[in-house]
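Below: one structure, written as structure tokens.
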Amino acid sequence: MLSRTADHLYWMARFIERAENTARMLDVNYRMTLLPQNDQQIQQIWRSTLLINGLHDTFSQRYDRVTPENVLKFMVFDKNNSASVYDCWRLARENAHAVRGSITSEMWETINTIWLELREQSFGKQDISEYLEWVKYRSHLVRGVTLGTMPQDEGFRFVRLGGFLERADNTARILDVKYHILLPDAKDVGGAADYYQWGALLRSLSGFEAYRHVYRDLITPIRVAELLMLKADMPRSLHYCMDQVYEGIQQLGSHHTWETERRAGELHAQLHFGSIDDIFQSIGLHEYLTLFLKKINALASRISNDFLLPSTTSSFVLE
Amino acid sequence: MSNFYNEMYQHDGAVRPHYREYANWLKNIPNHHLESRRAEADTLFRRLGITFAVYGEEEGTERLIPFDIVPRILPAKEWADLAAGLRQRVKALNAFLTDIYHDQNILKAGIIPPEYVLTNNQYRPEMQGIDVPNNIYTHIAGIDIVRAGEGEFYVLEDNARVPSGVSYMLEDRKVMMRLFPELFNRYAVAPVEHYPDLLLDTLRSVAPQGVNSPTVVLLTPGAHNSAYFEHAFLAQQMGIELVEGRDLVVRDGFVFMRTTQGLRRVDVIYRRLDDDFLDPLVFRPDSMLGVPGLLSAYRAGKVTLTNAVGTGVADDKSIYPFVPDMIQFYLGEKPLLNNVPTYQLRKPDDLAYVLAHLEELVVKEVHGSGGYGMLIGPASTKEQLEMFRKKILANPSNYIAQPTLALSNCPTLVDSGIAPRHLDLRPFVLTGSEIRFVPGGLTRVALQKDSLVVNSSQGGGTKDTWILEGESVC
């Protein structure tokens, strides 16, 4: 298939996934601020959302204060914020539009309809929780339509590759920043704050029930990290995402793309064989996640060069 | 009754035979039912994203082309006559282009003044002496036809470059069948859905010599082009790649597309991009839409472009008056379709006449299209007439003028109910190893009362066009 087509499919999937994760993250903030706490804590929670996306400067240029309302406006509806849910969907739809001939008409109609509905939304028009839930379910809908209608061909693999790469990145970012905020005084560990706050994080990543099922125990930060990073059967964990990414690259690759495949495999192996105690004791969670994000980004640019936007000089001619 | 020909009603108010079934059906349909079907059609078109971008409006503005639910019906006999005329006309246009880019006999014979062709900015000297497969230049032609009376058809314009609109012909039919399946039981409507198959077959038949299993692609200017929906639609229907200039590269004299698996050779390019943008090395150097080196690969016969480069010289409005002469000259036949009498303002006599009768005439720019830059005398104010007079005097040879035709009209669902609106017809004629077309075309309808401009860029809409099979109804 055309490299450009693959590029559009890949980015279409990434933006849809990103919109979903932004909604999930805002949802967890919203839940957390419903818990009893002081203004400073609330501020910190909303500020974290901006930090995750590296948007603090852009935000403060346009809004005078970090308030729940301002951050929600900025992250959901702001047309000038390229990371807002609105803009992610605009870009997703634009990418889909560019390859509407290469996706199924059900996919195109679904994405186009979501975009048309989304354009009608504005802040305060409806309950924000309900709205974030709606965004999340639109993502589920597209995924379902894709699985149910798209031939399992090369194009489909690029859609999956984009989606899982984005999810790995997003999960790592959410965990990193939340951990930074939530990591309590040593004396609080196991307290009620853990239950509610880490519980909210788990819920936002659809991991609350899985946690209960896997650990059948109190919620502790280290186990939350383990679940979201290393558990192979948890669909939003880094390990699961890298399973999918590695498999996708193996299927798409050829001997020209070996180095990319090797790096994906290496990253996958670290998660596959890693232990949470090692991570915490030898390098530290924050450092580990920072490094992971760096590697994910390097991998993404290798994928771009190998498959999506190859320069003419590196291209080879098919017989 | 007005003095316009109505497609549905005779002059005495009786329903024409081929519309009788429809009129009976319509009588029993409550008005709100039609309204709700129309709303349903709008939803369908919007959800499918069948939109077009309008130039001159805010970027990214997408509009629906209004779709009218009253079909335009033509009996088999009328279509048969039209079809023969179309075949003849397109054959002559291709013969003319072959001649112009080789021996130029028609110029030598004094039938067309040489400067009309050679100084025309649509004439491409780069094509002189170049052979193209089967001597076909305009593989896809959209011939605009209007009716002024019973059996009285005129060709308004030959679109020999990159005619668009065929996707609306196909989508209109699809929507019509979804909304009114019962009507298709009452009428034997000739199918048009196989157009993409015919098109693909046509494109494959003009591949460079020696290529057995040609790779065909559709070249689009991109998602922001007004006809992008159609480009994506046709590529998908034909199962070919939809490429942009940046997806193609010329190497070792051949054209390749960049795929995830490396470079793949391309043999036929159905380009929906004007000549000027095709190759920055030859035409506009600032074009980011084309492919550097494409023209040299084309001239060397390594790739086929459809339509060929330089076809604009055949559909230019200054050449249009000579098409009947071409038919005589190349085919030795009498033209089956009428031309609209045309005044060429580069001729002093014609200029004088037109300036004296401006308020009766339609004046068009020679190179214009899409209904932009034209004057409709009877519908213009004094100021508009004066302004246009100045424009004409500044550069007379840039204009032609035609009498205002009494375009036929057809009942159309508008806000005030069903009322007559003017329309035209654009059938699409395909030429590869043979001339073929589907029975039908795009019917465009002017939605403003009394308006004679049907272009979608000027607020026109479309109708499904029904060519009846056999003699079933009439």
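The values are calculated or read from the model by the stated rules, or taken from the named source; none is laboratory data. It should be emphasised that the depicted structure is a prediction, and the values quoted were computed from it without experimental measurement. Counting neighbours? That spans all protein chains shown, and the Cβs are built from the backbone with ideal geometry, glycine included.
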> Taking the range A:79-98 as the region of interest, how many residues are hydroxyl-bearing (Ser, Thr, Tyr), surrounded by 15 or more Cβ atoms within 10 Å (Cβ to Cβ) and closer than 19 Å to A:ARG173 by Cα?
Replying inline: 1
> Mind checking whether some residue in the range A:146-153 is in contact with a Ser or Thr (Cβ under 6 Å, 6 or more places away or on another chain), surrounded by fewer than 21 Cβ atoms within 10 Å (Cβ to Cβ), more than 22 Å from A:GLU261 (Cβ to Cβ) and not β-branched (Val, Ile, Thr)?
Replying inline: yes
> Would it be correct to say that B:GLY245 is within 26 Å of A:PHE158 (Cβ to Cβ) and either at the interface with chain A (Cβ under 8 Å from one of its Cβ atoms) or modelled with pLDDT of 95 or more (or both)?
Replying inline: no
> Of these, A:SER60, A:SER102, A:SER48, which one is in contact (Cβ under 8 Å) with a residue 60 or more places away in the chain, more than 26 Å from A:TRP198 (Cβ to Cβ) and of a type outside the set (D, E, K, R)?
Replying inline: A:SER102
> Hey, among the residues in the range A:34-66 that are outside any helix (DSSP H, G or I) and in contact with a Lys or Arg (Cβ under 9 Å, 6 or more places away or on another chain), which one's surrounded by the fewest Cβ atoms within 10 Å (Cβ to Cβ)?
Replying inline: A:TYR63
>> Is it the case, given these coordinates, that A:LEU91 is within 14 Å of chain B (Cβ to nearest Cβ) and under 17 Å from the mean Cα position of the chain (by Cα)?
In response: yes
>> Among the numbered criteria (1) in contact (Cβ under 8 Å) with a residue 40 or more places away in the chain; (2) within 14 Å of chain A (Cβ to nearest Cβ), which one does B:ARG258 miss?
In response: (1)
> Name the residues in the range A:1-45 that are more than 18 Å from the chain's Cα centre (by Cα) and hydrophobic (A, V, I, L, M, F, W, C), would you?
Replying inline: A:MET1, A:LEU2, A:ALA6, A:MET32, A:LEU34, A:LEU35, A:ILE42, A:ILE45
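Each row is one residue, and each column tells you yes or no for (1) in contact with a His (Cβ under 9 Å, 6 or more places away or on another chain); (2) closer than 30 Å to B:ASN134 by Cβ; (3) without any contact (Cβ under 8 Å) to a residue 60 or more places away in the chain.
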site	(1), (2), (3)
B:PRO411	no, no, no
B:SER416	no, no, yes
B:VAL453	yes, no, no
B:LYS463	no, no, no
> Are any of the residues in the range A:20-33 touching a residue at least 24 places away in the same chain (Cβ under 8 Å), assigned to a loop (DSSP other than H, G, I, E, B), among the hydrophobic types (A, V, I, L, M, F, W, C) and closer than 29 Å to A:PHE208 by Cα?
Replying inline: no
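Does B:SER296 qualify as being polar (S, T, N, Q), in contact with a Gly (Cβ under 8 Å, 6 or more places away or on another chain) and at negative phi? Please lay out each step first, then the result.
On the way: polar (S, T, N, Q): yes; in contact with a Gly (Cβ under 8 Å, 6 or more places away or on another chain): yes; at negative phi: yes.
Here the answer is yes, as B:SER296 does meet what is asked.
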>> I'd like to check which helices (runs of 4 or more DSSP H) are fully inside the range B:104-194 and have at least 1 residues that are surrounded by 21 or more Cβ atoms within 10 Å (Cβ to Cβ) and in the same structural domain as B:VAL445 (by TED's automatic domain parsing).
In response: B:114-118, B:166-179
> A:LEU116: under 22 Å from A:THR22 (Cα atoms), part of a helix (DSSP H, G or I) and facing chain B (nearest Cβ under 10 Å), yes or no?
Replying inline: yes
> So which of B:LEU179, B:LEU278 ends up being out of contact with any Phe, Trp or Tyr (no Cβ under 7 Å at 6 or more places or on another chain), within 30 Å of B:HIS18 (Cβ to Cβ) and away from every other protein chain (no Cβ under 14 Å)?
Replying inline: B:LEU179
> Is it the case that B:TYR330 is surrounded by fewer than 23 Cβ atoms within 10 Å (Cβ to Cβ), farther than 20 Å from B:ASN135 by Cβ and away from chain A (no Cβ under 14 Å)?
Replying inline: no
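Taking the residues in the range B:19-52 that are among the aliphatic types (A, V, I, L, M), over 26 Å from the mean Cα position of the chain (by Cα) and in a helix (DSSP H, G or I) as candidates, determine which candidate is farthest from the other protein chains (Cβ to nearest Cβ).
Checked the range B:19-52; the qualifying residue farthest from the other protein chains (Cβ to nearest Cβ) is B:ALA23.
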>> Exactly one condition in (1) among the hydrophobic types (A, V, I, L, M, F, W, C); (2) surrounded by fewer than 20 Cβ atoms within 10 Å (Cβ to Cβ); (3) under 19 Å from A:ASP27 (Cβ atoms) is false for A:VAL76; which is it?
In response: (2)
> Looking at (1) over 21 Å from the mean Cα position of the chain (by Cα); (2) surrounded by 15 or more Cβ atoms within 10 Å (Cβ to Cβ); (3) within 14 Å of chain B (Cβ to nearest Cβ), which is the only condition A:PHE280 fails?
Replying inline: (3)
> Assuming B:ARG147 fulfils every condition listed in (1) within 18 Å of B:PRO341 (Cα to Cα); (2) more than 23 Å from the chain's Cα centre (by Cα) apart from one, which condition is it?
Replying inline: (2)
> When you look at A:GLU106, is it among the acidic types (Asp, Glu), out of contact with any Pro (no Cβ under 6 Å at 6 or more places or on another chain) and under 19 Å from A:ALA23 (Cα atoms), yes or no?
Replying inline: no
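Of the residues in the range B:261-273, how many are at the interface with another protein chain (Cβ under 9 Å from one of its Cβ atoms) and either within 13 Å of B:LEU219 (Cα to Cα) or in a loop (DSSP other than H, G, I, E, B) (or both)?
Residues meeting the conditions: 1.
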>> Name the residue that is farthest from B:VAL445 (Cα to Cα), counting only residues in the range B:53-80 that are part of a loop (DSSP other than H, G, I, E, B) and modelled with pLDDT of 65 or more.
In response: B:PRO75
